[in-house]
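A short worksheet on the structure shown next.
Each value in this text was obtained by applying a stated rule to the coordinates, not by laboratory testing. Only a predicted model underlies this, so the values are computations on that prediction, with no experimental measurement involved. Heads up, the Cβs are rebuilt from the backbone with ideal geometry, glycines too, and the neighbour counts pull from every protein chain shown.
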Amino acid sequence: MTATAASQLVVNGRFFSQPATGVQRFAEQSLRQIAGLRDGVTVVVPVDATVPKWLDEDHVIRVGRLRGHAWEQIELPRYLAQQGSPLLLNLASTSPMRYRRQVSTHHDITYVRFPTSFSRSFRLLYRVIVPRMLASSQAVITVSEFSRQEIASHYGIDAEKISVVSNAADDRFRPGTGDPERPYFLAVSSPNEHKNFRRLLAAYSVAQDSVESDLIIIGEQTSSFVAQKYDLPATTRVQFTGRVDDDELVRLYQDARAFIFPSVYEGFGIPPLEAQQCGVPVASSHAASLPEVLHDSVLYFDPLDVSKIAEALTVLDSDAALRARLRQAGFANAAQYSWEQSAKDILSIADRVARSVK
């Protein structure tokens with residue numbers, strides 16, 4: 001290995017060719033900060049990747065002709081071998097299975113705990129790729145202590161190999177006027193089974209006669225997930241927007257009376273932090289990593305109990321003092337997280353691996 005390869009940091013930029021979900025947001029925001037903190041970072045991407053304007057094209061290398069997992073498993077490691085096997089930093093949830101000089105990221109094992117949320121092809125691919133990439137990686141990054149224990153336990157690897165690097169909300173999410181034409185609750189996520197929108201809709205049906213607020217749900221499914229169909233309440237007060245652009249997303253957060261997060265499984269959960277940075281009170285499931293991330297800054301409910309979700313909707317809609325308290329608690333909680341600190345933590349892990357693996 002050359003001295004240049006030993007000191008070089010290469011980032012797997014496959015996520016720039018993928019639909020944007022929480023995984024891709026972690027990758028992009030972390031890389032944006034890393035690029036500002038460290039000179040000489042190279043980002044290797046597939047030919048179909050759309051690279052954002054903030055990333056200097058001089059640091060981007062387009063490799064190969066394949067796409068998706070084939071690119072990541074074949075063309076990316078081939079290119080790295082030709083460059084003397086530099087350290088590879090993977091910021092999304094997969095990486096080359098057999099490349100050893102790498103740091104990999106794996107956010108959670110939702111596909112294990114809730115397999116019916118995912119397509120059969122997705123589950124089969126992950127069954128092949130994930131255990132091998134975890135074994136070959138010199139260090140693994142995940143986003144919460146909850147996920148750290150889940151990954152270590154399920155795959156039988158030493159938890160000491162896994163480091164926790166938190167998510168955050170970026171600076172676009174900040175308070176607005178909060179003066180919509182009609183008050184509404186907001187939910188933001190992909191409508192997959194573990195996101196629990198079915199129970200949220202049922203709860204809104206129970207509560208709708210006693211609440212002033214409508215319900216708006218943002219998000220769409222990617223091809224990795226199994227399509228979910230919902231029986232909408234017999235009302236025009238529920239709206240599915242599908243995917244919205246970033247400006248509209250921020251505005252919908254800012255104007256919401258409250259944000260509702262009913263998920264039954266999360267490795268971290270970025271949307272509640274985005275809501276909190278916008279000054280929106282949050283009601284959240286108490287499942288999985290969410291109490292670890294949100295602490296005492298939200299109104300918790302049992303996500304499996306429709307009556308408890310309905311009760312949370314009713315209380316948040318009517319109790320202005322509670323909303324004010326949660327708003328302030330939310331600001332304090334969201335301030336604990338930043339993409340800059342996440343990037344510093346990632347670079348510390350990469351530097352440790354670079355020193356120990358020659």
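Summary of values
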| item | result |
| --- | --- |
| Net lengthening on full extension, residue 159/residue 328 (0.36 nm per residue, minus Cα-Cα) | 57.3 nm |
| Sorted by Cβ density within 10 Å, fewest first, the residues 300, 204 | 300, 204 |
| Relative intensity, log₁₀ I(q)/I(0), of the chain from a Debye sum that treats every alpha carbon as a point, q = 0.07 Å⁻¹ | -0.31 |
| Acute angle (nearest 10 degrees) that the helix 320-334 long axis makes with the longest principal axis of the chain, alpha-carbon atoms | 10 |
| Proxy reagent accessibility, fewest Cβ within 10 Å first, across 154, 106, 194 | 154, 194, 106 |
| Helix-only mean residue ellipticity at 222 nm for the chain, each DSSP H run of n ≥ 4 adding -39500 (n - 2.57), per residue, nearest 500 | -11500 deg cm²/dmol |
| Cα principal axis extents for region 236-327, largest first, Å | 31, 31, 27 |
| Segment residue 248-residue 296, extension gain: residue separation times 0.36 nm, minus the distance between their alpha carbons | 14.4 nm |
| For the chain: lysine pairs under 24 Å (alpha-carbon distance), excluding those fewer than 8 apart on one chain | 7 |
| Calculated FRET value between residue 48 and residue 307, using beta carbons and R₀ = 51 Å, to 0.05 | 0.60 |
| Extension gain from residue 320 to residue 340, taking 0.36 nm per residue of separation minus the Cα-Cα distance | 3.8 nm |
| Ascending count of other beta-carbon atoms within 10 Å, so fewest first, for 241, 105 | 241, 105 |
